[in-house]
Every structure is written in C-alpha cells, then in structure tokens.
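Right, one structure below, let's go through it.
The values are calculated or read from the model by the stated rules, or taken from the named source; none is laboratory data. Since the structure is predicted, the reported quantities are computational estimates derived from the model, not experimental observations. Cβ placement follows ideal geometry from the backbone for every residue including glycine, while neighbour counts extend to all protein chains displayed.
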Amino acid sequence: MKRQKMITISRRNAIYLMSGVASTVLFSKYAIAKPNLALQKIKEISKNNVEEIDLFLDVPEIAENGNQVKVSFDIESPMTKDDFVKTVYLFADGNPAPNVAKFSFSTDMGACAATTRMRLSKTQNVYLLAEYNNGKFAMTKSKVKVTIGGCGG
Amino acid sequence: MSKIKPRGKVPKKASVDEIIEIKTLIRHPMHSGRMKDKNGKNIPKRIINKFLVKFNGKQVFGMDLEPSISTNPYIAFPFKAKETGTFDFEWTDDNGEKYSMSRKMSVS
C-alpha cells in the first residue's frame, strides 16, 4: 500500500516535471517567436517614430485559403508635391518572413491605393506602414483568421 | 511549368483628371523556397522581386515583392490620367529575367 502511494506520487511528480519541461519549452519557443518581427521591422524603418492611426487596410476577417488572401489599402492623401505618401510597407507577423511588400508611390498617381494577393501561414496580424514625404510614419494593423495556411512546408 | 506571361488591363480611353485603375497579373509560380515537390525535395526560391511601371518613360509606381506574395502576383493600382501616353510594365525575376509589357492610353 505504502509502496503504491509512493509510486503515484512519483508519477504525479513526473507529470508535474513533464508539464514543467513542456511549459518551459513552450514559453521559450514563445520567447523566441514573441519579439514581433513585423513590429521590429516597423520600428527599424520608422526609427521608432510611428503613429498608430486608422488607415484603410482591407483584408478579410476570415481567410479560408491562406494561399490567396486579397489585401488592399487606400490612404487618404491629396498626393500633391507638398503632401503625398512616398512608400507603403506591408508586414505579416506570423509568416516565416515578416516582409510582404513595399510599394513606391508618386504624385502622378492621384491616389494612394493598391491591391494585391498575399500568403498567410496562420492566423495573424497584417500591418501597414505608410511613409509620408515629410518624414512622418503611420501604421495600422488588422487581424486575419486563416483556416488553411499558405506558405508550404 | 507553364510559360510566364504578363497580362494587364488599362482603360483605352480616359478623361482628364480621371483616376483610373490599372490591373496587372503575371503568371509566375512565386516559389517561396519553403514548398516541396512531389518527391519531398525543396523547390528553390524563385520569385518576382520587382515590379515597375513607367508612364512615358517616367517611373510612376514601383513594388518590391517578397516570398509572401501569392502565386501569379496580381497588382492593381490607381493612376490619374492627364495626357495620352504609354505605360511600360516591367517585372524582374530572381534569375535576372525581365518580363515587360506596354499598354497605350488616350486621354481626351
């Protein structure tokens, strides 16, 4: 009887130990993945001088197929020589690489908008970073739920 | 592999100061370097990494593409019509190849 008790305790201990190891592994994995690469890139490019505002970033709330996710944006700007959006970056924080695309705009375009299709490996945030001609930066983010990931591998 | 073929849609006619939409699509596998073929071997990375649009010789729009862009990259963007001219589109492949296309537009 006594022996059996000892066994159960040790088994329980073993389970605790295992869960402890598992959680350390899990958390360490998160600790590696946690420094949001997309946000890091945004900070790098904007030199930490970025304002989070509500720009129009159109992504689906739920993407059934992560291989072809339509993403479009439309940033309100007069697009004149004195006031225009120079560059727009797209980032995804759950993809193997955070960079998605970089768009270069010119005043000839009359509007700051574009549409493309991107891959999303899992449910994650999509970030948009806009660089204005006066050196200002603005960003916005949007969460996309992905049913089937689309990065291969 | 199917042939890489660019396609584009530009309105033939536009009025002055009208904002038109230009749509482009290029048939390209966009191998991200992470996909595997039927035998489980890695397909080497091969993507379109640059897209440039010139109007009458002047660059108006550019895009740098990363592996996160889907197969057969579709790109649509606006343009303010001011004068008659020609659009030159150019895609650059990882292997250095360039694919180009031009479209005319008349503005009245």
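Of the residues making up region A:129-152, those that are surrounded by 19 or more Cβ atoms within 10 Å (Cβ to Cβ) and within 14 Å of another protein chain (Cβ to nearest Cβ) are A:Leu129, A:Glu131, A:Val144, A:Val146, A:Gly149, A:Gly150, A:Cys151. Sub-6 Å Cβ pairs linking a first residue in region A:81-92 that is more than 13 Å from B:Asp64 (Cβ to Cβ) to a second residue that is among the hydrophobic types (A, V, I, L, M, F, W, C) and surrounded by fewer than 23 Cβ atoms within 10 Å (Cβ to Cβ), at least 6 apart or interchain, are A:Val85/A:Ile75, ordered by first then second residue.
Tell me which residues, restricted to region A:108-122, are surrounded by fewer than 23 Cβ atoms within 10 Å (Cβ to Cβ) and more than 7 Å from chain B (Cβ to nearest Cβ). Hits for region A:108-122 are A:Ser121, A:Lys122.
Table: residues versus (1) hydrophobic (A, V, I, L, M, F, W, C); (2) farther than 17 Å from B:Gly85 by Cβ; (3) touching a residue at least 24 places away in the same chain (Cβ under 8 Å).
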position: B:Glu18; (1), (2), (3): no, no, yes
position: B:Glu21; (1), (2), (3): no, no, yes
position: B:Ile26; (1), (2), (3): yes, yes, yes
position: B:Ser32; (1), (2), (3): no, yes, yes
position: B:Met35; (1), (2), (3): yes, yes, no
position: B:Gly40; (1), (2), (3): no, yes, no
position: B:Arg46; (1), (2), (3): no, yes, yes
position: B:Lys50; (1), (2), (3): no, yes, yes
position: B:Val53; (1), (2), (3): yes, no, yes
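When each of B:Met63, B:Met105, B:Met101 is tested for being closer than 26 Å to A:Pro96 by Cβ and either among the acidic types (Asp, Glu) or assigned to a strand (DSSP E or B) (or both), the lone residue that passes is B:Met63. Filtering region A:36-50 for residues that are surrounded by 10 or more Cβ atoms within 10 Å (Cβ to Cβ), at pLDDT 85 or above, touching a Lys or Arg at 6+ places or on another chain (Cβ under 6 Å) and of a type outside the set (Gly, Ala, Ser) leaves an empty set. Each residue in region A:90-107 was checked for being farther than 10 Å from B:Leu65 by Cβ, within 7 Å of chain B (Cβ to nearest Cβ) and small (Gly, Ala, Ser), and 4 of them qualify.
For the subset of region A:94-107 comprising residues that are surrounded by fewer than 20 Cβ atoms within 10 Å (Cβ to Cβ) and of a type outside the set (Lys, Arg), which member is farthest from A:Thr80 (Cα to Cα)? Per the criteria, the residue is A:Pro96. Residues in region A:68-79 that are part of a loop (DSSP other than H, G, I, E, B), surrounded by fewer than 18 Cβ atoms within 10 Å (Cβ to Cβ) and facing chain B (nearest Cβ under 9 Å): A:Gln68 alone. With respect to (1) small (Gly, Ala, Ser); (2) crowded, with 19+ Cβ neighbours inside 10 Å; (3) more than 9 Å from chain A (Cβ to nearest Cβ), the lone exception for B:Gly57 is condition (2). Is it the case that region A:80-87 has a residue that's hydrophobic (A, V, I, L, M, F, W, C), within 28 Å of B:Val10 (Cβ to Cβ) and either within 13 Å of chain B (Cβ to nearest Cβ) or surrounded by 17 or more Cβ atoms within 10 Å (Cβ to Cβ) (or both)? Taking every residue of region A:80-87 in turn, at least one turns out to be hydrophobic (A, V, I, L, M, F, W, C), within 28 Å of B:Val10 (Cβ to Cβ) and either within 13 Å of chain B (Cβ to nearest Cβ) or surrounded by 17 or more Cβ atoms within 10 Å (Cβ to Cβ) (or both). Taking region B:16-47 as the range and being assigned to a strand (DSSP E or B), within 11 Å of chain A (Cβ to nearest Cβ) and charged (D, E, K, R) as the test, the residues that pass are B:Glu21, B:Lys23, B:Lys36.
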